[in-house]
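Structure first, then comments.
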Amino acid sequence: MRKERVELDSGSVRVDGPAKVRVVEGQVKTSRGSELGSGDEVVVRRGDRITITPEEDGAELELILGTGAKYSTVEEEEGLETPSDWVDLAEELAEYSGTPVCMIIGPQDSGKTTLATFLANELVDRGLRVGIVDADIGQSDVGPPAVVSLGIMEEPVHELSEVEMRHGYFVGSITPSGHLLQTTVGTRRMVDLALAENVDAVLIDTSGMVHGGPARALKLHKIDVIRPTHVAFLDKEGQVSHIKRMVRSLDYVKVHDLTVPDAVKEVERADRIRRRERILREFFEDREEVELDLDEISIQRSFLGTGEPEEPEDELISLIKAVSDVEPEIVHFERSPDALVLIVKDEAGRIVGKGGRHAKELKKLLGVRELVVVNEDELEGLLVGLCDGVGDLLGIGVIQELDFEDGRMVVEGRLIHDRAVKVVQFGSLKVDPETGEHEPMRVRM
């Protein structure tokens, strides 16, 4: 770690984290639209970049640079100022006759979150209340990963992580792929809640998933269901030109093709993972143990919990052994009109067979549409959403114990609202709340 003093009369300083910037003297403005005065500090986390520009009289900065951090000073003419079309969009949103809803679309590392922060700060500086819908579930700021979240801004911030999450919608994954419906519904729900809070403007920060059929469907249907008044494209190297063409003729939305600043930094995959781990770890610092009665809750987004529990018949066990050569030790068995669910001690993979070969044969012999077989220990650490009786998200947690004999579920989680948990939504991610380490759930629930 080292310290540097930088005096700026003009131009800007660009800082790559991990670092802390303290204003020793003067007034400065950041690329995120926030302002700092003498004695103020801003943290630049690993993988992040910030550009700082002095006001008229110059400024002196102290930089505390961690391992891998760096900085550079750049002259004003090299283009580090906020793009003029960003400023124009902020003015247009501020002067809009109704409540503007602006969706930001761009690939990874195109400056979407920086733009959202800049616009929010500009609008707040004009006395407006701004709803921030954070729909980037893999690189979230307002809420934890795997959640579409809503925060309300009434004061300027240096980064969106300073905005408190008021509401959320559990997606259960760090990628929209395979979760298009949850991501779209969640984004719409958060926009509706923002408007119900009587905000003056809504900004939607979206994921960088922009390529391929699912990405096209996600962006198009989000626009279709939300009907934003503005869509701001950060078309880095033409990577979202195909999405622009799909919406450019829509009468209800104004399309803005904005400049991608030269200062935008490409973030390495390892830094994205570390950032997610840190956010999960910090979110779960205030976790508590929540014990739930299985007879008093509904389980959603899983075949498990939607059928009638039964004692497995000897005929079923014999059939499984005949097909897979495994005699299963069944911990829990339930039957629904379209599925059979088996929670077993172990050997679920062998029962299902390579490529699902045994499961296909068993479904045919049993006359069922779906056969779900899961090892008991695979449920431990599964990320779940905890909701109230009207489906509003109260918090998230991880399953510590699922005791079918006693009819109880124990979740280690954090609640942001103090209401009774009535619904548990299963995700597709396993998380260690102590370290923030996470991995996809390997089996279908």
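Some notes on this structure:
- Gyration tensor (alpha-carbon) shape descriptor, the range 84-282, a/c threshold 1.5: rounded
- Values of log10 I(q)/I(0), in the order q = 0.22, 0.23, 0.27, 0.29 Å⁻¹, for the range 42-105 under a Debye, Cα-only, solvent-free model: -1.07, -1.10, -1.24, -1.33
- Cα-Cα over 30 Å, subset of Lys3/Lys236; Lys70/Lys236; Lys70/Lys112; Lys29/Lys219; Lys112/Lys422: Lys3/Lys236; Lys29/Lys219; Lys112/Lys422
- In the range 253-334, the alpha-carbon atoms span a convex hull of 334 Å³ per residue.
- Once the Cα-Cα distance is subtracted from the 0.36 nm per residue extended length, the Glu437 to Asp251 segment shows a gain of 62.5 nm.
- Cut-off 9 Å between beta-carbons: net charge of the residues surrounding Ile52, Lys and Arg +1, Asp and Glu -1: +2
- Total charge dipole magnitude, the range 322-418, about the Cα centre, Cβ charges on Lys, Arg, Asp, Glu only, Debye to nearest 20: 740
- Panel order for Met190, Met246, by other beta carbons found within 10 Å of each beta carbon, from fewest to most: Met246, Met190.
- Rounded tilt (10° steps) of 84-94 against the dominant C-alpha axis of the chain: 70
- The sum of -39500 (n - 2.57) across all DSSP H runs of n ≥ 4, divided by the residue count of the chain, sets its helix-only mean residue ellipticity at 222 nm to -7000 deg cm²/dmol.
- Judged by the gyration tensor of its Cα atoms, with axes a ≥ b ≥ c, the chain is prolate; a/c meets the 1.5 cut and a/b is the larger of a/b and b/c.
- The range 1-30 and the range 354-415 have their alpha-carbon centroids 50 Å apart.
- The chain: angle of helix 357-366 to the longest principal axis, Cα-based, in degrees nearest 10: 50
- Within the chain: Cβ-based charge dipole about Cα centre, in debye rounded to nearest 20 (Lys, Arg +1; Asp, Glu -1): 1820
- Residues Ile273, Ile416, arranged from fewest to most other Cβ atoms within 10 angstrom of their Cβ, appear as Ile273, Ile416.
- Cα gyration tensor, the range 312-445 - rounded (a/c under 1.5), prolate or oblate: prolate
- Simple Cβ-charge dipole of the range 1-152, Lys/Arg +1 and Asp/Glu -1, about Cα centre, in debye nearest 20: 1000
- Over all other residues within a Cβ to Cβ distance under 10 Å of Leu115, the charged ones net out to +1, with Lys and Arg as +1 and Asp and Glu as -1.
- When the alpha-carbon atoms of the range 238-286 are used, the pair Rg, Dmax equals 17.7, 48 angstrom.
- Extension gain for Arg281 to Glu315 (0.36 nm times residue separation, less C-alpha to C-alpha distance): 7.6 nm.
- Model label sites at Val390 and Glu56, defined 7 Å from Cα along the beta-carbon direction, differ in position by 5.1 nm.
- Residue among Ala120, Gln139, Ala59 farthest towards the positive dipole end of the chain, charges placed on Cβ: Gln139
- Pairs of Cα atoms nearer than 8 Å and 6+ residues apart set the relative contact order; for the chain it is 13 percent.
- The angle between the Cα long axis of helix 314-324 and the main principal axis of the chain comes to about 60°, on a 0 to 90 degree scale.
- Neighbours of Val264, meaning other residues whose beta-carbon lies under 13 angstrom from its beta-carbon, give a summed charge of -1 when Lys and Arg score +1 and Asp and Glu score -1.
- A straight chain from Glu401 to Ser336 at 0.36 nm per residue would run longer than the Cα-Cα distance by 21.1 nm.
- Glu370/Arg419 FRET efficiency (R0 35 Å; Cβ-Cβ; nearest 0.05): 0.60
Read the figures in this text as sums done on the coordinates, not as results from a lab. In this text, all values refer to a predicted model and were calculated from it rather than measured experimentally. Please note: Cβ atoms are built from the backbone with ideal geometry, for glycine as well, and neighbour counts cover all protein chains shown.
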